[in-house]
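> Questions regarding the structure given below will be posed in turn.
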Amino acid sequence: MKLNEVREKYLKFFKASPRDHKEIKPAPLILSDDPTTLFTSSGMQPLVPYLLGEKHPMGKRLVNSQPSFRTVDIEEVGDNRHTTFFEMLGNWSLGDYFKKDQFAWFFEFLTSEIGLSKEKLWISVFEGSKQVPRDTESSEIWKSLGIPESHIGYYGAEKNWWSRNGTPDEMPVGDIGGPDSEVFYDFGEDLKIHENSIYAKQKCHMNCNCGRFLEIGNSVFMQYKKVGEGKLEELPNKNVDFGGGLLRIAAAAIESPDVFNTNVFKSAIEVIEKHTGKFYFENENKAPMRIIADHLRGAAFILASGVEPSNKLQGYIARRLIRRAVYKLKVLGFEIGDGTISAFIKSYADEYDEIKNNWLQIKDSLNIEAVKFGKALAKGEKKLRKFMEKGTLSAEEIFDLYQTEGFPIELTLEIAVSENIKVSDSVEAEISKQFKSHKDKSKTTSAGVFKGGLVDKSEDTVRLHTATHLLQAVLREVLGNHVIQRGQNINSQRSRFDFTHDKKLTEAELEKVESLINEIIKKDLSVNKLEMKKSDAEKTGAIQAFGEKYGDSVIIHYVGETLKSAFSKEFCGGPHVSRTSDIGRVKIIKQEKIGASTLRVYLSKSK
Ligand code: SER
C-alpha cells in the first residue's frame, strides 16, 4: 500500500458517516507568526486555542494530515523508523466523542481499511498518578474490541502522557496535556529483530527500542491544563487529539518493520544505490542511506517553504540536513558535483506537490549549498585527517575547522567518534557547550535567538526587549498573576507580546499599564542578570515563559537593585539594556484578542 492510498483512506474514513469529521487545511510547515517554534511538529499545534475551549468554525470533529518536522529527531535518523519530516494523520474531538468511539474507529480503520490483523496490535495505557486515575476505562474498551489482556500494558507518564512539553512535571503552567493510549504493530518474533539488536539482553516489550514493535498511533485525551506546581485542572472539554504516523501505518500495511521500504523512500533509496554503486540490503549501508534519503526530503520541504540554507533558524536546519547528507554520500563513495544533488530528490517531486511545485527553486538552493559544502568538505576533511593523525582532537582544532572551513562541529564530532578518535577531556566541556548550543538551537522550543523571539539584537530591539519585561511585570500588577507570556516577537520598531488574559484591556487599564512602565523607566533602575540552578531559580518566583523548556542551569534577568526587591524577574538569557532609563519612553500602540484566553499587545517607542 502506498502512502497516498493510506492518507486518502484515512481522510475518507473519518469524513464518512457516522464519524462525520470535517477536513481542515493543514498548517504550513513554518508558522510565520509563531516565533516560539521553528516548525509545525504535530497536528494539534495549530489547534491549541480550540482544545482550550474556543469554538472552531468547522465544528467539533476535525481531521487532516499534517506535514510536520521534528528537529529533535535529527540524530535519531538512521534506525528503521525515525525521520525528521513526517506526515501526521490527525483526528480531533473538541468536547464531542471520547474514548469509546475513538478506539472503535481507529481499530476499524486499521483492521478493515488498512487490513492489519488485530492479533498484531498491542496497546499501552496510562498507569495513573497522584492526580490522574489509572486508565482502566481505556483498557476495558480495547478488550471489548477484541484485544487480549496480554497485549495491553500500563505505563507511567514518561510513556503514556502527552503534552508538547512532556510529563505533567515538565509541563509549564498554562500548558495542556492528558493521558494517552498508543497502538503498536508487532512484526513478530520470527523476524528475530530483538535478538539481533543491541537490546537483545533486555526483555522485549511494546516500548522496547529494538524495532520489533512500531508505534503507529497515539490517542491523547486532552483533558488537563497545568495551573501550578503539581496542579492540574480539568479543561472545559474532554477532547481527543489523535496522531498517527502515515509512514508507519504504510510500513505496517506492507509488513515491513523498516519504514524506508515504503514506496516514497524505496524509490529514493534506489537512486542512492544507483549513484553510489552500494546496496541497501548490506547492513553497513543502511544508516547512511536512510540519513541521505530522510535529510534531503526534509531539506526539500524546508526549501519549499521559501527558506534558504543559512546560519539562522530554519535555514540553519536546512543547511545542517544538506551538509550531513552530502557527507554521508561521500562516505558511500559519491562526490557531489554541480547539479548532481537534484537526482536524489527527483522521486520526491513525483510524490509530493510541495516539491513538484517549487522544483526549480528547491533544486537551485540545494545544489548551491551542496556544491559549496562539497568543496569545503574536501578541504576540511584533509585538515581534519591531519589533526586526527595523532589520535586526538582538541577544541581549538574543532573550532578552527568550523571557523575557517565551515566544517560543522557536529559533523567533526561524528567523524571523530566513528573513527575512535579521542576528544581530550580538558576540552570536552567546551566542545559540548558549543555542541549543546547548536543542538538547543535546533529544538522546537529552544534557546538563543529563537527562544527570545528577538528578530535581531540591534539597540532598539534590545531596548524593547527590556521594556517587554517591564510590560509583563506591570500587567501582572494591574491585571493579576494569571498573566503569563505566551509568545513574543520583537524587532527594532515594536514588541508584540502575547499573554494569558481573557478580555481586552479597558482604556483606564491601558493608561495605567503604560504610565507604570514609563515610571519604572524613569526611575533608572539597574537591569541585572544571575545564572543559577533551575531549582534555585524557581524559588525566586521569577516568571518562566509559557511552553518553554529550560536546562539545569538558567539565567534570570531582574530589574532593580537586588533580586529580592526586584520589580521584574524572568527566566531569560537574552540581551538587555543595563539601566531602565536607556529604554526611553514607550507606548502601547495596539491590542488584539487572539484567542479565548490570549491577548496580544504591541509596544513601541514613544516620541
Ligand atoms: N499530539 C499527539 C502527538 O503528537 C497526538 O496527536 O503525538
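The values are calculated or read from the model by the stated rules, or taken from the named source; none is laboratory data. These figures come from a predicted structure and were not determined experimentally. With ideal geometry, Cβ positions are generated from the backbone for all residues, glycine too; neighbour counts draw on all protein chains shown. Just the protein is used for accessible areas: all its heavy atoms, side chains included, with ligands, DNA and RNA removed. Shrake-Rupley method; radii C 1.70, N 1.55, O 1.52, S 1.80 Å.
> Length gain on complete extension for the stretch K382 to E149, per 0.36 nm per residue less the alpha carbon to alpha carbon distance? Present the calculation step by step, with values, prior to reporting the outcome.
On the way: separation 233, 0.36 × 233 = 83.88 nm, distance 5.87 nm.
Additional length available on full extension: 78.0 nm.
> Can you give me the Kirkwood hydrodynamic radius for the range 267-369, using every pair of distinct Cα atoms, in Å to one decimal?
It works out to 13.5 Å.
> Expressed as a whole percentage, what fraction of the accessible surface of the chain belongs to carbon and sulfur atoms when a 1.4 Å probe is rolled over the protein heavy atoms?
Taking all protein chains in place, the chain shows 49 percent carbon and sulfur surface.
> Using only protein heavy atoms and a 1.4 Å probe, report how much of Y199 is accessible, in Å² to the nearest 10.
Approximately 60 Å² for this residue.
> Rolling a 1.4 Å sphere over the protein heavy atoms, what is the accessible area per residue of the range 1-148, to the nearest Å²?
41
> Sorted by accessible area (1.4 Å probe), largest first, how do E414, E23, E137 line up?
Working: E414 50, E23 75, E137 100 Å².
Descending accessible area places them as E137, E23, E414.
> Just subtract the alpha-carbon distance of N311 and K523 from 0.36 nm times their residue separation and send over the number in nm, one decimal.
On the way: separation 212, 0.36 × 212 = 76.32 nm, distance 3.92 nm.
Stretched out fully, the N311 to K523 stretch lengthens by 72.4 nm.
> Go ahead and collect, in residue order, the members of the range 505-545 whose backbone nitrogen is under 18 Å from a label point 7 Å along the Cα-Cβ direction of Q591.
Once the point is set 7 Å along Cα→Cβ of Q591, 505-519 turn out to lie under 18 Å by backbone N, inside the range 505-545.
> If you find the alpha carbon centre of the range 578-600 and of the range 77-134, how far apart are they in angstrom?
42
> Evaluate E = 1/(1 + (r/R0)^6) for Q403 and T562, where r is the Cβ-Cβ distance and R0 equals 51 Å; express this FRET efficiency to the nearest 0.05.
FRET efficiency, Q403 to T562: 0.80.
> Taking Cα centroids, how far is the range 499-550 from the range 234-289 in Å?
45
> How many angstrom separate the Cα center of the range 169-212 from the Cα center of the range 291-343?
Each part reduced to its Cα centre gives a spacing of 30 Å.
> Pop a pseudo-label 7 angstrom from the Cα along the beta-carbon direction at both E428 and T136 and give the gap in nm to one decimal.
4.9
> Can I ask one more? For the range 373-415, what is the convex hull volume of the alpha-carbon atoms per residue, in Å³?
Hull volume over Cα atoms, normalised by residue count, gives 59 Å³.
> Let me ask another. Taking just the alpha carbons, could you work out the radius of gyration and Dmax for the range 51-168, both in angstroms?
16.3, 42
> Still on this structure: Check which residues have an amide H placed less than 5 Å from K238's amide H, if you skip close sequence neighbours.
For K238, whose amide H was placed from the backbone, the distant partners under 5 Å are G95.
> If I histogram all Cα-Cα distances within the range 103-212 using bins 5 Å wide from 0, what percent of pairs lands in each bin?
Taking all Cα pairs of the range 103-212, the binned fractions are 2, 11, 19, 18, 19, 16, 11, 4, 1, 0 percent.
> I would also like to ask the following. State, to one decimal in nm², a quarter of the convex hull surface area for the C-alpha atoms of the range 1-107, i.e. the direction-averaged projected area. Working shown, then result.
On the way: hull surface 32.7 nm².
With every direction weighted equally, the projected area is 8.2 nm².
> Still on this structure, I have one more. Once you have the Cα-Cα distance between K201 and K25, take 0.36 nm times their residue separation minus that, and quote the gain in nm to one decimal. Could you put the intermediate results ahead of the total?
On the way: separation 176, 0.36 × 176 = 63.36 nm, distance 4.59 nm.
Value of the extension gain: 58.8 nm.
> Structure shown: which of K2/K120; K99/K203; K15/K286; K312/K375 lie over 27 Å apart, alpha-carbon to alpha-carbon?
Details: K2/K120 20 Å; K99/K203 30 Å; K15/K286 38 Å; K312/K375 21 Å.
The answer is K99/K203; K15/K286.
> Using the scaling law 2.2 N^0.38 Å as the reference, what is the normalised Cα Rg of the chain? Provide the component values of the computation, followed by the final result.
Working: Rg = 25.6 Å, N = 607, 2.2 N^0.38 = 25.1 Å.
That works out to 1.02 for the chain.
> Related question: Among the lysines, select those whose C-alpha is under 22 Å from the C-alpha of K529, and discard any that sit fewer than 8 residues away in the same chain.
By straight Cα distance, K529 reaches K433, K436, K441, K451, K457, K539, K549, K564, K569.
> Kirkwood hydrodynamic radius for the range 508-607: how many Å is it when counted over pairs of different Cα atoms?
Computed over the range 508-607, the radius equals 15.1 Å.
> Run lengths n ≥ 4 of DSSP H only: what is the helix-derived mean residue ellipticity at 222 nm for the chain, with -39500 (n - 2.57) per run over all residues, to the nearest 500? List each step's numbers first, then the result.
Values: 19 runs with 231 residues, N = 607.
-12000 deg cm²/dmol, from helical runs alone.
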